[in-house]
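First the structure, in the form of C-alpha cells, and then the observations on it.
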Amino acid sequence: MGDFSEVMWQFEHFSETRRNERRMEAFRDVLDVCDMHDLGFSGRPWTYDNMQSGRRNVRVRLDRAVASSSWLNMFENAAVDHLASLCSDHCPILLRTSPTVHASVGAKILRYEIMWKREESLVETVE
C-alpha cells in the first residue's frame, strides 16, 4: 500500500498528457507475476494532484493498495478509501479490513464514478 508512481490504466490519469502505455503494461505485468490485485477504492478517483492551475493541472491515481489472493481470502471485506488532505499533494489512503457500520441505515451513498468525467454536463450539474 502506498505510492507506486505509476498507474495501471490511462483513465487513472487526469491531464492533457497521456501516460506511457508500455510503463502501465509493465506495472500491470509485475502485479500479475507477483499475484497482487488492486483493492479498488471509494472517494476521489486520483491520489496525487500537482496543485497547478488550468491546463497544467495533473491528477493521477499513483497511490493504491494491492494484495495477494491469499490475503484477499483472509480479508474479503477489505475496503480502501481515498481521503482528503489539506497539506500534501498526495491523498492519504485508508485501508479497512472489516466493514464500517454506519449509524444511519438506508442513507444514500454518493460516489464519484470515472464514467462521469465523460459526461459533458458534469461541471454544470456539480455547480
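The values are calculated or read from the model by the stated rules, or taken from the named source; none is laboratory data. Everything quoted here is computed from the prediction, not taken from an experiment. Heads up, the Cβs are rebuilt from the backbone with ideal geometry, glycines too, and the neighbour counts pull from every protein chain shown.
Side notes on the structure shown:
- Leading residue by the ranking (nearest to C34 (Cα to Cα)) among those in the range 77-95 that are at pLDDT below 90 and not hydroxyl-bearing (S, T, Y): A84
Conditions (1) basic (K, R); (2) touching a Leu at 6+ places or on another chain (Cβ under 8 Å), marked per residue:
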residue	(1), (2)
E25	no, no
D35	no, no
T47	no, yes
R59	yes, no
S69	no, no
A79	no, yes
L95	no, yes
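- Of all the listed residues (S68, S98), the sole one being small (G, A, S) and modelled with pLDDT of 90 or more is S68.
- Here S121 clears all of (1) among the small types (G, A, S); (2) at pLDDT below 95; (3) surrounded by 11 or more Cβ atoms within 10 Å (Cβ to Cβ) except the condition numbered (3).
- Just one residue in the set R59, R18 is touching a strand residue (DSSP E or B) at 6+ places or on another chain (Cβ under 6 Å) and either on the phi < 0 side of the Ramachandran plot or of a type in the set (V, I, T) (or both); that residue is R59.
- Flag for A26 being more than 20 Å from S85 (Cβ to Cβ) and part of a strand (DSSP E or B): no
- Summed over the range 4-19, the residues that are among the polar types (S, T, N, Q), part of a loop (DSSP other than H, G, I, E, B) and loosely packed, with under 12 Cβ neighbours inside 10 Å give a count of 2.
- Condition check for R64: surrounded by fewer than 17 Cβ atoms within 10 Å (Cβ to Cβ) and basic (K, R): no
- If the condition is being without any contact (Cβ under 8 Å) to a residue 40 or more places away in the chain, more than 25 Å from E16 (Cβ to Cβ) and assigned to a loop (DSSP other than H, G, I, E, B), then the range 30-55 contributes C34, D35.
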